[in-house]
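> My questions will all concern the structure given below.
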């Protein structure tokens, strides 16, 4: 909606380097405390609600916890050894990567198109934009349950529709096999990621001044050229925000797969997040170890991304 | 420098929380035992009008009225979430006093429970049907108090059978396959035989089939034999005769029992193994159904699968032991147990309650289930590793019946996991 | 998917600011496409409404529409659950955490955008890392923490936790947004004797409104839809948010599908309305923000 050409926080920092950095004033009272009164509430809330459970999680990954939940003592690194010995781990990690890449790439591409479309003037623009919000407003869990219902073999409306259109000749159990379950779940993941991404890009588009386009037209640039050489580069900040948020969210995505297949049969449709959750049923310590691995993966993923996209580059 | 301030603040906060953690731990054991009983129980219902809460609230109210000074703190948790919630509670030393759920033995392994003798009066204990009382014994003593039970029979849709020209319910596997083929040819039902081997209840359907081939989860000595030859053959048979010819769901490993039950109650299934709750669902769906003994490879199963849910009392709960005993004795009366069983078409587990329900003509439809109960076989519920092994079977056991899987490989993998779990105990 | 996408911008996007009524047929084409997509986006939710209105015995029928619409399902679902209370919890949690996020994130974002201070980078990194955590992975720790505080089943617990997990995005967006507003305006105000806090409230906040709205709506929607923490930190049906309350229609042997979808519809509608209401403000805010 309104990430007005959002300069990333880091970029702002860089930009500020240009303006004379305003020295923290040496006055008395609050000012003496510097940033603390301003940022301490955020830090406290994060420490209290996020960091503390993270510490707890890491601790648990080195514990022997019985299936009843009782802590029986230290496990050393046994749970990590056990985790890395799981036969399904390799395929789970591979599918996690495929899932993240496919969903994020499709989301970004489709959102670019949608943002262009909904940035045009046409009758009913406001109303159609509201429709775009639905998958965002509805909880992901409910949307996923809804799709599971529509894909049901016995009575799902999507099966009925495809039968009537002659696309399939008998009702399919789409979510029962990994080969058909993955594409459907990816489609749902894209579906629920589109609104936020599209709105981010829409906001980005609206900050591009009209004169830039005029100038380009006068220069005789074609539509596609204009898009490639003017729109896309100017969209970069908004695009990057959408990309990072989607990377993190899709990688960590849990409700879609959990609601639609529970990661099964076996672990055939599990990403690392779902795998972690189902491990909880059999070994809480191992599940915690998986969470830790999962977290390391997402941090590495995002850091690599930031490096590659030169997100942090000073202007 | 300011970073340091923040870091110190964080450390202080973490320490404060750490300290309070220790404080919390002590509270559980050291504090004077109270007259407030924390009861955590499963909700079997799917809406407010059939929620288990209705039952427990009445019991609690009656109990409080009859025993002044005592209080019941109720927590009714959805059946699908209760085990996760209880694990959280145990992990944080926040024990309930009384818990009613699906299994108990893993708590015995950690020495969390009172022995039944400590929390039930001899009269109440003597009233429990012996077969169930026996299933409540783990590590040489009784810890689990059975709560409700059920047995499994074969349900078939009469209309579907007559449309397909199947004269009588199958008694052998060959007849199952034959009947399913006829149903499929005549298109009498969407799913001729419903085989739900999905994560919801794979361990039940699996055992019913394996018992039909003389197999099962453990040998006579209680050692796990998940990959025994009869078990592997069972899945091979299922693959070749039901799954591959398309006579059941295409992917049994991801089909849940709820789906099968709902399809049966909508008249879309020819036959399936079912639980007494199907009786009511089928009646609501106006499906004319019949029941029969579960077919085995060469003849019907003489002893079917019986399942019990359990009640248990935690040693480290906050309530006084005698308060817990008072409450359990109060709860385990004929009136209460019959009331609960009637809510969901379960069978009670005490002698007088069973007698009352069997004698009541209102429950004629449950007769086959009562008949099957005395000889029923149970899961190895009293093995302390069973809960983990059951979870593994639920997760991947169904794959043994999938078209493109090798049953032996799937079961071998499970057997290895079972042995690891048993060794870890 | 990719090919379709590559083609689409060409047909639709020469200039987003094309003069009004320039190409009549093209506008029609765009409108048709947009309306079609809007329908596609709404279709799954329409099916939810239809399922919610199905008579119970027609739930497993292979039909597009039931033989009759059972409007009473919507009344029954109200009676058969604690939906009213759940709705109230959800509203309080979403509203409360949104407010808390605003109170906490705005000053931090303001200061971070305006000042260079030691640990600024570290602070931003902490915020970014927070964004990478999903509460799903941290449930046990959260449960233990709030149990020890005696705050299970409390609305405050859900408000605090939801706020914390949404802080990162809010701080991030607000920092970026405020950074794009020229500091000179405030400096002028401060020369006139206004305190920095006063300048933030009176000068920057109105200009940053679109950014604030973005952060708020994001927090509101995420908290409204949160499930995992609600499930773990509350156990009494009356103190559960809507997303968790719906779960209680899944029984041990049966599922009340039409109730689930009826309740889902009840949950979705307020957010869509809220958004429709706020979007206008966002648009007007946008213009204000781009004056720069």
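The values are calculated or read from the model by the stated rules, or taken from the named source; none is laboratory data. Since we're looking at a predicted model, the values are computed, not measured. Backbone-built Cβ (ideal geometry, glycine too); neighbour counts: all protein chains shown.
> Residues of segment C:122-154 being surrounded by fewer than 20 Cβ atoms within 10 Å (Cβ to Cβ) and more than 25 Å from residue B:84 (Cβ to Cβ), which ones?
Correct list: C:122, C:125, C:129.
> Identify all residues within segment A:135-172 that are part of a helix (DSSP H, G or I) and under 16 Å from residue A:189 (Cβ atoms); write none if there are none.
If the condition is that a residue be part of a helix (DSSP H, G or I) and under 16 Å from residue A:189 (Cβ atoms), then A:135, A:136, A:140, A:141, A:142, A:143, A:144, A:145, A:146, A:147, A:148, A:150 are the ones that fit.
> Another question about this same structure. Hey, any hits in segment A:113-134 for a residue that's crowded, with 21+ Cβ neighbours inside 10 Å and closer than 26 Å to residue C:59 by Cα?
Yes, segment A:113-134 contains at least one residue that is crowded, with 21+ Cβ neighbours inside 10 Å and closer than 26 Å to residue C:59 by Cα.
> Evaluate segment A:166-176: report whether one residue or more is free of Cβ contacts under 8 Å to residues at least 24 places away in the same chain and more than 14 Å from chain B (Cβ to nearest Cβ).
Yes: segment A:166-176 contains one or more residues that are free of Cβ contacts under 8 Å to residues at least 24 places away in the same chain and more than 14 Å from chain B (Cβ to nearest Cβ).
> Evaluate the following for residue C:110: is it crowded, with 23+ Cβ neighbours inside 10 Å, under 24 Å from the mean Cα position of the chain (by Cα) and at pLDDT 85 or above?
So residue C:110 passes the test.
> Output yes when any residue across segment B:73-91 is in contact (Cβ under 8 Å) with a residue 40 or more places away in the chain and farther than 29 Å from residue C:254 by Cα, and no when none is.
Looking through segment B:73-91, none of the residues is in contact (Cβ under 8 Å) with a residue 40 or more places away in the chain and farther than 29 Å from residue C:254 by Cα.
> Here's a follow-up. For segment C:100-194, please list each of the helices (runs of 4 or more DSSP H) lying entirely inside it that holds at least 1 residues being under 28 Å from residue A:256 (Cβ atoms).
The qualifying helices (runs of 4 or more DSSP H) are C:120-131, C:139-148, C:155-179.
> Let me ask something additional. Output yes when any residue across segment B:357-372 is farther than 26 Å from residue B:197 by Cα and outside any helix (DSSP H, G or I), and no when none is.
Looking through segment B:357-372, at least one residue is farther than 26 Å from residue B:197 by Cα and outside any helix (DSSP H, G or I).
> With the requirement that a residue be part of a helix (DSSP H, G or I), out of contact with any strand residue (DSSP E or B) (no Cβ under 8 Å at 6 or more places or on another chain) and within 14 Å of another protein chain (Cβ to nearest Cβ), what does segment B:240-276 give you?
B:243, B:252, B:253, B:254, B:257, B:259, B:265
> Would you pick out the residues in segment C:56-87 that are over 29 Å from the mean Cα position of the chain (by Cα), part of a loop (DSSP other than H, G, I, E, B) and within 13 Å of chain B (Cβ to nearest Cβ)?
C:59, C:60, C:61, C:62, C:63
> Just checking, does segment A:141-157 include any residue being away from chain B (no Cβ under 14 Å), in contact (Cβ under 8 Å) with a residue 60 or more places away in the chain, out of contact with any strand residue (DSSP E or B) (no Cβ under 8 Å at 6 or more places or on another chain) and surrounded by fewer than 21 Cβ atoms within 10 Å (Cβ to Cβ)?
Within segment A:141-157, not a single residue is away from chain B (no Cβ under 14 Å), in contact (Cβ under 8 Å) with a residue 60 or more places away in the chain, out of contact with any strand residue (DSSP E or B) (no Cβ under 8 Å at 6 or more places or on another chain) and surrounded by fewer than 21 Cβ atoms within 10 Å (Cβ to Cβ).
> I would also like to ask the following. Would you check which residues across segment A:40-56 are over 26 Å from the mean Cα position of the chain (by Cα) and buried (at least 20 other Cβ atoms within 10 Å of the Cβ) and list them?
Hits for segment A:40-56: nothing passes.
> Then there is this: How many of the residues in segment B:61-93 are in a loop (DSSP other than H, G, I, E, B) and either surrounded by fewer than 21 Cβ atoms within 10 Å (Cβ to Cβ) or more than 14 Å from chain A (Cβ to nearest Cβ) (or both)?
Number of matching residues: 8.
> Here are C:48, C:115: which of them is facing chain A (nearest Cβ under 8 Å) and in contact (Cβ under 8 Å) with a residue 60 or more places away in the chain?
Every option except C:48 fails the conditions.
> Pick from segment A:41-65 the residues that are closer than 18 Å to residue B:420 by Cα and within 14 Å of chain C (Cβ to nearest Cβ): which of them is modelled with the lowest pLDDT?
By that ranking, first place goes to A:65.
One line per residue, one yes/no per condition, for (1) within 14 Å of chain B (Cβ to nearest Cβ); (2) in contact with a helix residue (DSSP H, G or I) (Cβ under 6 Å, 6 or more places away or on another chain); (3) touching a residue at least 40 places away in the same chain (Cβ under 8 Å):
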| site | (1), (2), (3) |
| --- | --- |
| C:184 | no, no, no |
| C:194 | no, no, no |
| C:207 | no, no, yes |
| C:215 | no, yes, yes |
| C:231 | yes, yes, no |
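> Taking the residues in segment C:221-246 that are modelled with pLDDT under 90 and closer than 11 Å to residue C:83 by Cα as candidates, determine which candidate is surrounded by the most Cβ atoms within 10 Å (Cβ to Cβ).
C:242
> Hey, can you tell me all the residues within segment B:329-349 that are surrounded by 23 or more Cβ atoms within 10 Å (Cβ to Cβ) and closer than 18 Å to residue B:126 by Cβ?
B:331, B:332, B:337, B:348, B:349
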